[in-house]
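Have a look at the structure below before the remarks.
The values are calculated or read from the model by the stated rules, or taken from the named source; none is laboratory data. Everything numeric in this text was worked out from a predicted model, so none of it was measured. Please note: Cβ atoms are built from the backbone with ideal geometry, for glycine as well, and neighbour counts cover all protein chains shown.
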Amino acid sequence: MARFVVVALLTLVSSTTAAAQEEVIDVILASLAKSAAFLEQEHRNINLDGVVGYIMLQAELKEAVRAWPHTDPRSWSQRTATVTLVKRLGQSLANAVTGLKETDPKYHKEFEPLLMWTFWSVPHEWSTTDPSLVYSSARSMECYDEAESDKCMTLLLGTWKNNGTPCIVTKSCRDTMTQFGCPYYSLSHQLLYFMVGANSGCVAMLKGDVRESHANLTERQYQGIFCANMLKGNMDILQKNFDGDTQDLFIENILLCGLAGFSDFFKVDWLQHILRLQDQEVGCFTQPRRRVKRRERLLNDGCSSHMTGVSVSALGGYLNYYLTEQDITKRPLTLM
C-alpha cells in the first residue's frame with residue numbers, strides 16, 4: 001500500500017492547474033471525509049485520546065455549520081458536505097464512546113466530560129502570540145509525567161472519585177501547571193489544563209498563588225505564554241526537519257493553540273505537512289517514528305490513534321479559521 005501519497009491538490013505545481021486552484025476548504029473537507037470513513041471502520045479500536053480528537057472535530061464542524069459565512073452556491077455546497085460529515089461522525093462517535101466504556105472503563109469514567117462535543121469551545125475571535133514571551137532558556141526534559149497530568153485534570157473535572165467536587169486545584173497541580181521553562185508535551189499539557197479548567201467553569205484556578213514571578217497573571221495570559229513557546233517549539237521542530245519523534249507534538253501544538261484562538265498556528269505550509277501524513281487509502285494518520293504515549297493504540301496499516309485524533313481536530317481548526325477570516329472576494333484559496 002502506498003503511504004504518504006500526496007494528492008494532486010498538495011503538489012506544488014503551477015498555479016494554472018485546476019488542482020492547485022482548489023480551495024483550501026475543499027481540500028480539508030476531502031481529508032476529513034477520509035478520516036470519517038476510517039472512524040466508521042475502526043470506532044471500536046481507537047483509544048480515548050483519538051476519540052477526544054474526533055469529538056473536538058465534531059464541535060468544530062457543528063460550529064462551522066452554525067456560523068457558515070457565505071451563501072453562494074460553491075460555499076453552500078461545502079456547507080452541505082460539512083453537514084454530512086457531522087452526521088457521519090455522530091453515529092460513529094456514539095459507538096466509539098460505548099466501546100471505550102467497555103474496554104477501558106476507569107479511563108472512560110475519569111475523562112467522560114471530554115467525550116461530549118458540548119464541552120469544547122470553538123474560538124470566534126483570533127489573536128496572535130507574542131514572541132517576547134518565549135523563554136530565554138528551557139529545560140531539556142519534560143517537567144512531569146502523564147499520570148500526574150491525568151490526576152490534575154480529574155481534580156478539575158470532578159471525576160477523581162464518584163460525585164467528586166470539581167475545580168479542585170492543589171498546590172502541586174497549580175505549581176506544576178504554571179511552571180515556566182517546560183518543554184515539549186509538558187507545555188501542551190499545561191495549556192490543556194487551563195483549557196479544561198475554563199471549559200469546566202473553574203473561575204479561581206490561580207487562587208492562592210503568591211509567587212512574585214507569577215503575580216497578577218491571568219489564565220488567558222498563561223495560555224499566551226504557553227502558546228508563544230509552543231510556536232517557537234514548532235519552529236525548532238521544522239528547523240531540525242522533524243528529527244526524532246516530533247511529528248505528533250508538532251500537530252498537537254497546532255490543535256491546542258488553534259483551539260485556544262491563536263491564528264498564527266494556522267500556516268498553509270503546516271497544513272500541507274499534516275495532510276501529507278494521511279494514508280490516502282485508509283484515511284488515518286501515521287507516523288513512522290513516534291514517541292509511544294501511555295495507552296496509545298497502534299492500529300492496522302500502521303495507523304496511530306493519537307496522531308489521527310490530533311490531526312483531524314487540527315484540520316477542523318483550520319476549517320473554522322478559513323471560514324471566519326477569509327473573505328469571499330479573496331477566493332479561490334490555494335495551497336500554493
Query raised in the report: Would you call Ser15 at pLDDT 90 or above and either in a helix (DSSP H, G or I) or out of contact with any Gly (no Cβ under 6 Å at 6 or more places or on another chain) (or both)?
Result: no
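Hey, could you check region 18-47 for residues that are more than 29 Å from Glu325 (Cβ to Cβ) and modelled with pLDDT under 95 and say which is surrounded by the fewest Cβ atoms within 10 Å (Cβ to Cβ)?
Looking at residues that are more than 29 Å from Glu325 (Cβ to Cβ) and modelled with pLDDT under 95, I get Arg44.
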Report task. Residue by residue through region 64-75, note down the ones that are surrounded by 12 or more Cβ atoms within 10 Å (Cβ to Cβ) and either in a helix (DSSP H, G or I) or of a type in the set (S, T, N, Q) (or both). Result -> Ala64, Val65, Arg74, Ser75
Report summary line: Of the residues in region 84-109 that are in a helix (DSSP H, G or I) and of a type in the set (D, E, K, R), the one that is farthest from Ala36 (Cα to Cα) is Lys106
**Report entry** Within region 242-260, tally of residues that are crowded, with 21+ Cβ neighbours inside 10 Å and assigned to a loop (DSSP other than H, G, I, E, B)
**Finding:** 2
Query raised in the report: Looking at this structure, is Thr129 touching a strand residue (DSSP E or B) at 6+ places or on another chain (Cβ under 6 Å) and surrounded by 16 or more Cβ atoms within 10 Å (Cβ to Cβ)?
Result: yes
Report summary line: When (1) touching a Ser or Thr at 6+ places or on another chain (Cβ under 8 Å); (2) modelled with pLDDT of 95 or more; (3) not small (Gly, Ala, Ser) are applied to Ile225, the one that fails is (1)
Query raised in the report: If you take the residues of region 292-304 that are surrounded by fewer than 24 Cβ atoms within 10 Å (Cβ to Cβ) and under 17 Å from the mean Cα position of the chain (by Cα), which of them is modelled with the lowest pLDDT?
Result: Lys293
Report task. Among the residues of region 135-175, count how many are within 16 Å of Cys202 (Cβ to Cβ) and assigned to a loop (DSSP other than H, G, I, E, B). Result -> 10
